[in-house]
Number of protein chains: 4
Amino acid sequence: MADKTALRVGVLGAKGKVGQAICDAVDAAADLELAATVDKGDDLDVFVTSGTQVVVDFTHPDVVMGNLQFLIENGIHAVVGTTGFDDARLEQVREWLAAKLDVGVLIAPNFAIGAVLSMRFAQAAARFFDSVEVIELHHPNKADAPSGTAYRTARLIAEARAAAGVGRSPDATSTELDGARGADVDGVRVHSVRVAGLVAHQEVLLGTQGETLTIRHDSIDRSSFAPGVLLGVREIGSRPGLTVGIDPLLDL
Amino acid sequence: MADKTALRVGVLGAKGKVGQAICDAVDAAADLELAATVDKGDDLDVFVTSGTQVVVDFTHPDVVMGNLQFLIENGIHAVVGTTGFDDARLEQVREWLAAKLDVGVLIAPNFAIGAVLSMRFAQAAARFFDSVEVIELHHPNKADAPSGTAYRTARLIAEARAAAGVGRSPDATSTELDGARGADVDGVRVHSVRVAGLVAHQEVLLGTQGETLTIRHDSIDRSSFAPGVLLGVREIGSRPGLTVGIDPLLDL
Amino acid sequence: MADKTALRVGVLGAKGKVGQAICDAVDAAADLELAATVDKGDDLDVFVTSGTQVVVDFTHPDVVMGNLQFLIENGIHAVVGTTGFDDARLEQVREWLAAKLDVGVLIAPNFAIGAVLSMRFAQAAARFFDSVEVIELHHPNKADAPSGTAYRTARLIAEARAAAGVGRSPDATSTELDGARGADVDGVRVHSVRVAGLVAHQEVLLGTQGETLTIRHDSIDRSSFAPGVLLGVREIGSRPGLTVGIDPLLDL
Amino acid sequence: MADKTALRVGVLGAKGKVGQAICDAVDAAADLELAATVDKGDDLDVFVTSGTQVVVDFTHPDVVMGNLQFLIENGIHAVVGTTGFDDARLEQVREWLAAKLDVGVLIAPNFAIGAVLSMRFAQAAARFFDSVEVIELHHPNKADAPSGTAYRTARLIAEARAAAGVGRSPDATSTELDGARGADVDGVRVHSVRVAGLVAHQEVLLGTQGETLTIRHDSIDRSSFAPGVLLGVREIGSRPGLTVGIDPLLDL
């Protein structure tokens, strides 16, 4: 479906489950062309010979730094979902980029646009409401309660309220059956529901006199990273240097 | 709006907030006619002289027994929302009714049809799903958590599952921030949310492989008893004897 | 996981997608044992030699009648999800069963317990509320709007209200942008939402003065037939003769 | 509850329903003090003599311009919910303010923070999702479908998608019962639900591969303007000149 002006995209870790999903998504996009794919043992040079402009890397912490060094040196932008980036690694990437001022690298722990947006909206709205609570709902095989996302969301909400001088949500509970009011994360109540047939869902409920605002995110399969990766692929060329997280691309 | 065949309805406690709402509801119903109203100090004889067929009583525990004795003796059906009925009082009403075989009395603690139906549906569905949890959401001035309705709903669910030999909902939680998984009511998790701008809401979430069923009740003002009272008024004439709760009228 | 008292279950069409899911579900159930599986070309005699008590049939309209004749003649109960049963076929099955009075056969077009329950609850509740509307939400590749389930649900609601003498839902709309108020199915409004990321969802919204009751069903993968099939497997032995649809098993 | 550093607030139209609610809200806020109230026939001078710093005006189009001229000339900030401001009126207010550079005036058609935020979030998120539809739900006495807010929301969404070069939401519907797919507002589908027991609710549903984001606003009584008015009262002192709508105060 690609035309002549299509962006030439390469995929690293192309035979993995995630890599395949990304190849499919690139194939299906009219403005993108799948120029080259590489998996374990393949030579990275194919990205150069094929004229690849952006490479997506969902590989392994052991190999991702080598990949990035090669790509940056060869002037190819990168969109990275591989995990394991600590401050030292980010610093190293910045150094490489300092020598190649027109190259852009995006490293993100979470490409689900809906999850990122809902966290941002909750954070932006938190200071305008008397009350805010978080309900996260997952399948019953999940080991931790609350979920990492809910925990992070509650902390962002708490920070936003503290910065604006907003106090705790009102709560007149005087008789409580143990646990009924949920967990307390920096003063924000978080409730963890575990029900078969669910996947991964989160609701932030904000309320003030006479009105409530609900921000809900439902994720039902792991392919939900694909739109975020494509957004990164399309935008990273115009964002030289290192970008961490997809938030800056969302332009809120 | 009443026609000749309209049922003649009387209201006891007619000047109270609830009584007035019931008078308004009767007035607005084409098949009912407001025949007589009585408040503190008024004579009950007006119900007899006006040919009243059914009387609604939202008064006070101190006077309701006298009211009922009068109504039953005079062959007038009664729909009662007044509180304070213990076993001894119910037994006394049954005795009076034994002497008047064609009179019907309905005594109910909760006339909100939606609340009663949602409890019944949750109970009926409970044994067909691997998981079930209850989320109740109220305004932040509520003193108890969970709400009485949520507590009762959870117990009915637990009984229905026990009777069918269904075990506890699956739950792999191994790391829990204190309270995140809610309160445990006979093995059913109950979560209590308190947010400004809410009134009284409850959600029963049932799930099994690949599907969930949600039964949600939202109550936003106290007038939600009116439709249940009118249902009682229309039906009690064909139900001689004592009926406790509106469940039997719902014919599920 | 099976013990000595486990019910011995056979699967016809065992290599198909649905058949495999059922084999997995039987394997995972402590009270059931997978006794024999048969696919295209295999001999049905294995059900007899293995002492199979109930057979699940998700095969093809061309072969299902032959399968049923064999199973009934050999005193084996059957749970059938294969399509294509018209009145003539059902009559034929009844005839075969008339000669084997202790055998039970369940034929159902829909084994999703949540879907069947939500339809039944909507039908039961419909006459107690002033208003009722149906919202169905599906992925955007769906060709028909409303969905077949929503259409059927709306008709059952309309029938229940007509039988109880309840009129149309109130609606003061005087200025409408074409289509805003949805489709009219026997006087019940039905709204069809199509959004990427959804699978198959339906909400019945009932309301009266001050309160609403919502019955929502979410189905996110096709495995949602498995619990209904297992319910059928466990119950059909005590229901001799022909049962159509899983409703009678739900005992509402 | 006011302390010495409390902001001194005046209310115009103080005996109206809205005015009284605002007086109550000011009274209940620790950082605000109700300095003076004025109703029809009262002299505006009391605002000057009482040292009022900000005046809230919910009066009538016939008198609001006179009120504003007086307030601006006397160096008092204003928060205005009175309707009827066309371009000519706004221009006149700007002229008066040009002579008093330190005075701020906020004129807003809608003070419900939740409504304004949900519109803004929908607009911000619209370009990142394949699909977006709007569902608005109201009481059945509403005359127009869709609601003005839903219509405006859909247009903002359509504009945001057009500006980002995003096409129409995908929709494979080939068989439609008339109206099922809702109204088409600039290519965005809008569904209007009318059910007794509801007040005013709106849901924007956005979806892409594997995930959906829902932004829902519920308004259950008309007091929901109060928090927005107080926000305006607190902020207008640091925003000289004319501000139209509360959006700029929300700092998104």
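Scanning chain C for the Cβ atom closest to the axis that brings C onto B yields residue and whole-Å distance C:121, 2. Note that segment C:105-121 has calculated 3J(HN,Hα) couplings of 10, 10, 10, 9, x, 8, 9, 6, 4, x, 5, 5, 4, 5, 5, 5, 5 Hz, one per residue in order, obtained from phi through the Karplus relation 6.51 cos²θ - 1.76 cosθ + 1.60 (θ = phi - 60°); glycine and proline are x.
Here residue C:165 yields copy-to-copy label distances, from shortest upward, of 4.5, 6.4, 6.5 nm, the label point defined as 7 Å from Cα along Cα to C-beta. Between 0 and 90 degrees, the angle of helix C:61-73 with respect to the longest Cα principal axis of chain C falls at about 50 degrees. Note on chain B: with a GNM built from Cα contacts shorter than 10 Å, the maximum mean-square fluctuation among B:162, B:200, B:126 falls on B:162. Axis of helix A:226-235 versus longest Cα principal axis of chain A: the two differ by about 60°, to the nearest ten degrees. For segment C:117-189, the alpha-carbon radius of gyration amounts to 1.16 times the rule-of-thumb value 2.2 N^0.38 Å expected for a compact globular protein. Rounded to the nearest whole Hz, the Karplus-based 3J(HN,Hα) values (6.51 cos²θ - 1.76 cosθ + 1.60, θ = phi - 60°) of segment D:161-178 follow the sequence 6, 4, 4, 8, x, 8, x, 5, 4, x, 6, 8, 4, 10, 10, 10, 6, 2, with x at glycine and proline.
Separation of segment D:1-50 from segment A:105-178 is 36 Å, based on Cα centroids. By the beta-carbon count within 10 Å of each Cβ, the least crowded to most crowded order of A:139, C:201, D:191, fewest first, is A:139, C:201, D:191.
Taking chain A as the region of interest, what is the percent of Cα-Cα pairs per 5 angstrom bin, listed from the shortest bin to the one with the maximum distance? Per 5 Å bin, starting at 0, the Cα pair percentages come out as 1, 6, 12, 15, 15, 13, 11, 10, 8, 5, 3, 1, 1, 0, 0.
Cross-link partners of residue A:17 among lysines, defined as those whose alpha carbon lies under 30 angstrom from its own and excluding same-chain residues fewer than eight positions apart: A:4, A:40, A:142, C:15, C:17, C:142.
Each eigenvalue of the Cα gyration tensor of segment D:57-146, multiplied by 5 and square-rooted, gives one semi-axis; in descending order these are 34, 18, 11 Å. Note on segment D:200-241: the C-alpha convex hull projects to 5.1 nm² when averaged across all orientations. Take the Kirkwood radius over Cα pairs of segment C:104-252, plug it into Stokes-Einstein at 10 °C and 1.306 mPa s, and you get 95 µm²/s for translational diffusion. Partner shielding of B:13-25 amounts to 0, given as the average count of beta-carbon atoms from other chains within 10 Å of each residue beta-carbon. Counting only the Cα atoms, segment D:11-80 fills a convex hull of 76 Å³ per residue. In chain A, the DSSP beta bridges split such that about 45 percent are antiparallel, to the nearest 5.
Working from label points 7 Å from Cα in the Cα-to-Cβ sense, the residue A:101 to residue A:155 distance is 3.7 nm. Per residue, the average separation of C-alpha pairs within less than 8 Å and at least 6 apart gives chain D a relative contact order of 22 percent. The antiparallel fraction among DSSP beta bridges confined to the protein assembly as shown stands at about 45%.
Each of C:73, D:235, A:176 was scored by other Cβ atoms within 10 Å of its Cβ. Arranged with the fewest first, they read C:73, A:176, D:235.
Strictly greater than 52 Å: what percent of every Cα pair in the protein assembly as shown meets that? Percentage above 52 Å: 29. For the Cα trace of segment B:1-125, dividing Rg by the Kirkwood Rh returns an Rg/Rh value of 0.99. When the helix-only estimate is applied to chain B (DSSP H runs of n ≥ 4, each -39,500 (n - 2.57), divided by the residue count), what is the mean residue ellipticity at 222 nm, nearest 500 deg cm²/dmol? Rounded to the nearest 500, the figure is -10000 deg cm²/dmol. Ranked from shortest, the separations from the 7 Å Cα-to-Cβ label point of residue C:252 to its equivalents in the other copies are 1.1, 4.1, 4.1 nm. On the beta carbon distance between residue B:162 and residue B:91, with R0 = 51 Å, the FRET formula returns roughly 0.95.
Counting only DSSP beta bridges with both residues in segment B:104-240, the antiparallel share comes to about 75 percent. Of the peptides A:40-47, C:240-247, the ranking by mean beta-carbon count within 10 Å, highest at the top, reads C:240-247, A:40-47. Fewest neighbouring Cβ atoms within 10 Å first, the residues A:157, A:236 line up as A:236, A:157. Counting only other chain Cβ atoms within 10 Å of each residue's Cβ, the peptide D:131-137 averages 4. Placing a label point 7 Å from Cα along the Cα-to-Cβ axis, residue C:73 is separated from the same position in the other copies by 7.7, 7.8, 10.6 nm, shortest listed first.
Values quoted throughout were computed directly from the atomic coordinates according to the rules given, and no laboratory measurement underlies them. Computed from a predicted structure; not experimentally measured. Note: ideal-geometry Cβ built from the backbone for every residue, glycine included; neighbour counts use all protein chains shown.
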